[in-house]
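Peer 1: Below are the structure tokens for one structure; questions will follow.
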Amino acid sequence: MHPIERLRYVARAGGVDQTLLAVETADAFSSLRGEPAELMNACR
């Protein structure tokens, strides 16, 4: 799954432990390492 799609999935998650959401978000951002343009799009 593309990191941006993963972040969208995390953003729509409801009723999930906040710690798990934070871990998923950090992992998705870490997969964008070395791709500054994609990271900028994700942050928007």
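Each reported figure results from applying straightforward, stated rules to the coordinates on display, with no laboratory input. All values derive from a computational prediction rather than experimental measurement. With ideal geometry, Cβ positions are generated from the backbone for all residues, glycine too; neighbour counts draw on all protein chains shown.
Peer 1: Can you compute the charge dipole magnitude of the chain about its Cα centre, using +1 on each Lys and Arg Cβ and -1 on each Asp and Glu Cβ, nothing else charged? Give it in debye, rounded to the nearest 20.
Peer 2: With only Lys, Arg, Asp and Glu charged at Cβ, the dipole is about 140 debye.
Peer 1: Lys/Arg Cβ at +1, Asp/Glu Cβ at -1, dipole of the chain taken about the Cα centre: which of Leu21, Tyr9, Asn41 is farthest positive-ward?
Peer 2: Asn41
Peer 1: Related question: With runs of 4+ DSSP H residues as the only contributors, calculate the mean residue ellipticity of the chain at 222 nm using -39,500 (n - 2.57) per run, divided by the residue total and rounded to the nearest 500.
Peer 2: -21000 deg cm²/dmol
Peer 1: Could you work out how far helix 18-30 tilts from the main Cα principal axis of the chain, as a 0 to 90 degree angle to the nearest 10?
Peer 2: Once rounded, the angle reads 10 degrees.
Peer 1: Within 10 Å, count the other beta carbons around each residue, average over each peptide in 9-19, 28-38, and list them highest first.
Peer 2: 28-38, 9-19
Peer 1: Still on this structure, I have one more. Could you check the simple spin-label distance between Ala11 and Glu38, using points 7 Å along Cα→Cβ, in nm with one decimal?
Peer 2: 1.7
Peer 1: Another question, if that's okay. Quote to one decimal, in nm, the extra length available between Leu21 and His2 on full extension: 0.36 nm per residue of separation minus the C-alpha distance between them.
Peer 2: 5.2 nm
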